[in-house]
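Undergrad: Below you'll find the structure I mean.
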Amino acid sequence: MMKTAAKIQASLKKRYAAERRFRSYGLVSVAIGLAALLLLFISIIANGYTAFQQTYLKLDVQFDEAIIDPKGTRDPQTLARADYGKLIKKTMRERFPDVKNRRDKRKLYKLVSPGAVFSIQGMVRKDPRLIGTTQTVWVPADDDVDMLIKGYINRDDPESARRLKDKEIAWIDAFAATGSMEKRFNKTFFTAGDSREPELAGIWGAVVGSFYTLLVTLVLSFPVGVAAAVYLQEFAPRNRWTDLIEVNINNLAAVPSIVFGLLGLSVFLNFMALPRSAPLVGGLVLSLMTLPTVIIASRASLQSVPPSIREGALGMGASQMQMVAHHVLPLAMPGMLTGTIIGMSRALGESAPLLMIGMVAFIVNAPEGPLDPSTVLPVQIYLWADTPERAFVERTSAATLVLLGFLVVMNGAAVWLRTRFEQRW
Amino acid sequence: MLNQKQAVLLESPAKSNEPAPPPPVKIHEPDTKTVGRVTVDKPIMTTREVDVYYGDKQAINNVSIDISYNEVLSMIGPSGCGKSTFLRCLNRMNDTIESAHVTGKIELEGHDIYDKKTDVVTLRARVGMVFQKPNPFPKSVYENAAYGPRIHGLARNQSELDEIVENSLHRAGLWDEVKDRLSQPGTGLSGGQQQRLCIARCIAVNPDVILMDEPCSALDPIATAKIEELIDELRRNYSIVIVTHSMQQAARVSQRTAYFHLGDLIEVGETSTIFTNPQVKLTEDYLTGRFG
């Protein structure tokens, strides 16, 4: 018969091998997860980083009084209504005097973004003394020009397959040759609302819409969620009813979000007649979705407060309410906040339920309050992903990057809160 | 609003070396199998035929015992004998356990503490408790000692509160050690200091009875000695009931000792008598270390 030590020796190799195998399974899984994440980030960044720059054209615009204000009254109404497009067209004609053909002229004018009109109008309204002078103005180029400069339109393609014809490319090259064209930081992307013209479209409207929506969600779901959790965890008797409530809260957390959208559509819009596309309704719908998350996280956090603290307070003659308010709640608060932030970041990334309540509309202006029609970041991404213009592809990715940035910041805050206020007993 | 009975409960007798005359209590001779005299002449608390059930399981079986003014009563017995359970009946801490069910009569100066009219908040202010594991609140030392007076509204202004806090820390023998760090968290003190802080917190509301549930089991011998000294000191003003696993501790600090076994109160008597001349074989076996 073998000695015990020898038996153990014989089995050791197998044991260690199994351990190594198990560890490598874990490593492989982690690696797969990380690779998927990396792939996602690389593809989004690679597609999106160019959107943070935009091609601008330098024009020497002559602020012709005959066009802007023929009567010379400097009346703000007149200045607002003047045909600034004419100024730009004139500038372009003077720059390329060879272009005679009407169709070619129209193509020439289209190299400049329609937004240029607004920037020139803005300049004049701000300072009417500019009238009669000639100013050097940088105006955004049309998205096709931008795409050519960024290399998304291939010059080697046959002319018929290109959005820009040879003539247009020649004009663009002429701009470039004289140093009248450069890529600048795309401020518009961060300050403007949505637009049909990619070079004028921005995420600001969606960001503000998301902000109001999340504000409504937070204001509703945090107090209600915490109150429900405190009641269920600390005060409610344990019986069949509370069991039923608990099961239903857990079920609610697993309901597909589109269902909440349908509920919002029928209750908030059709029955209560709240305004369509408003962050208020979006926030209401997202609160319904976030509440179970907040309640579950808050209950877990309350449960983790050690019983010795409760006993200490009760033993002093504190009432149940005092025990909760003075001791349990402050200790559970970081955990509750963490849960709430995670619920909020889920709400920020949510688009399906908001489609149902009309937040998918094309809205140019940023909302000024939770009752104004607006859209939110993920819906804006969805809208842009659906447009045919090539320039919206990079903007879709850029907006996704911004959304991911917000999510990373929020989840980072949750992690920070958790470690910063972690209590050890 | 307090009703009349609660108002009477609130009024605690003046603390002095002389025990206050107890209100007339009808001495009810208990029907018990306990060996030794369970009653005292001037009880502050009386318990009669107390049974405690956890669900269907009976944890305490027909226990009757009195607690006198200015005495330390120690309760000893092997693990699971129900001594902690019984202790927790005395300030109704068992209320927090949903399945627990208490029958029999427990009176504090003649008032049934399980009566519907008795407010548990008032009761716990008069019968304080110190737990096995030091459990200071994760707040400052000052806030720990000030918590009781604050919730019960015992101080009219800040200076009165300061006085109560200083006084109770003094009486718990902790003042000199913590006077420079009153604003630091109570959880940052050493184990022994934490336990004395818990005692200070308890006496800050000036209770009549202090219940101690193995207060030294988590402490080293030096800290234990300090607590024992303190218990002896506190006896001048309070009645103390202490549950302990250490027979030496019971012998050192208490005047009377009660021996519990499997939910029964086997024997009660003067500590000196019990330790030198136990009447029951079970008590003797436990005390001599034949089981435990």
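Undergrad: If you scan the stretch B:117-146, which residues turn out to be part of a loop (DSSP other than H, G, I, E, B), more than 7 Å from chain A (Cβ to nearest Cβ) and crowded, with 24+ Cβ neighbours inside 10 Å?
TA: Once the filter is applied, which keeps residues that are part of a loop (DSSP other than H, G, I, E, B), more than 7 Å from chain A (Cβ to nearest Cβ) and crowded, with 24+ Cβ neighbours inside 10 Å, the stretch B:117-146 yields B:Pro134, B:Pro136.
Undergrad: Restricting to the stretch A:224-281, name every residue that is surrounded by fewer than 18 Cβ atoms within 10 Å (Cβ to Cβ), under 30 Å from B:Glu98 (Cα atoms) and polar (S, T, N, Q).
TA: A:Asn239, A:Thr242, A:Asn248, A:Asn250, A:Asn251
Undergrad: Would you point out the residue of the stretch A:174-204, among those that are of a type outside the set (A, V, I, L, M, F, W, C) and assigned to a helix (DSSP H, G or I), that is nearest to A:Gly349 (Cα to Cα)?
TA: Only one residue fits best here, namely A:Thr191.
Undergrad: Something else about it: State whether one or more residues within the stretch B:147-168 are closer than 20 Å to B:Ala223 by Cβ, among the polar types (S, T, N, Q), modelled with pLDDT of 90 or more and in contact with a Ser or Thr (Cβ under 6 Å, 6 or more places away or on another chain).
TA: No, that holds for no residue.
Undergrad: When you go through B:Gly192, B:Gly153, B:Gly186 one by one, which is the residue that is under 29 Å from B:Val253 (Cα atoms) and either more than 14 Å from chain A (Cβ to nearest Cβ) or without any contact (Cβ under 8 Å) to a residue 12 or more places away in the chain (or both)?
TA: Answer to the selection: B:Gly192.
Undergrad: Report the residue count in the stretch A:351-386 for those that are part of a loop (DSSP other than H, G, I, E, B) and surrounded by fewer than 24 Cβ atoms within 10 Å (Cβ to Cβ).
TA: Looking only at that region, the number is 17.
Undergrad: To continue, here is another question. What number goes with the only condition from (1) closer than 30 Å to B:Thr122 by Cβ; (2) among the β-branched types (Val, Ile, Thr); (3) in contact with a Phe, Trp or Tyr (Cβ under 8 Å, 6 or more places away or on another chain) that A:Val328 does not pass?
TA: (3) is the only condition that A:Val328 fails.
Undergrad: Same structure, new question: Would the stretch A:271-284 turn up any residue that is of a type in the set (S, T, N, Q) and closer than 22 Å to A:Val219 by Cβ?
TA: Within the stretch A:271-284 (the criterion being of a type in the set (S, T, N, Q) and closer than 22 Å to A:Val219 by Cβ), the answer is yes, since at least one residue qualifies.
Undergrad: Related question: Determine, yes or no, whether B:Glu98 is touching a Lys or Arg at 6+ places or on another chain (Cβ under 7 Å), closer than 26 Å to B:Met247 by Cα and surrounded by fewer than 23 Cβ atoms within 10 Å (Cβ to Cβ).
TA: no
Undergrad: Scan the helices (runs of 4 or more DSSP H) fully inside the stretch A:205-322 and keep the ones with 2 or more residues being away from every other protein chain (no Cβ under 14 Å), touching a Pro at 6+ places or on another chain (Cβ under 8 Å) and not charged (D, E, K, R).
TA: Output list reads A:240-253, A:257-264, A:279-303.
Undergrad: Any chance you could count how many residues in the stretch B:137-160 are out of contact with any Gly (no Cβ under 8 Å at 6 or more places or on another chain) and under 12 Å from B:Val205 (Cβ atoms)?
TA: 7
Undergrad: Counting residues that are within 16 Å of B:Phe131 (Cα to Cα), which helices (runs of 4 or more DSSP H) fully inside the stretch B:178-278 reach at least 3?
TA: B:191-203, B:221-234
Undergrad: Could I ask something else about it? Taking A:Ala325 as meeting all but one of (1) within 14 Å of chain B (Cβ to nearest Cβ); (2) buried (at least 17 other Cβ atoms within 10 Å of the Cβ), write down the number of the exception.
TA: Single failed check for A:Ala325: (2).
The values are calculated or read from the model by the stated rules, or taken from the named source; none is laboratory data. For clarity, every value in this text was computed on a predicted model and none was experimentally measured. Glycine gets a Cβ as well: all are built from the backbone with ideal geometry, and neighbour counts include every protein chain shown.
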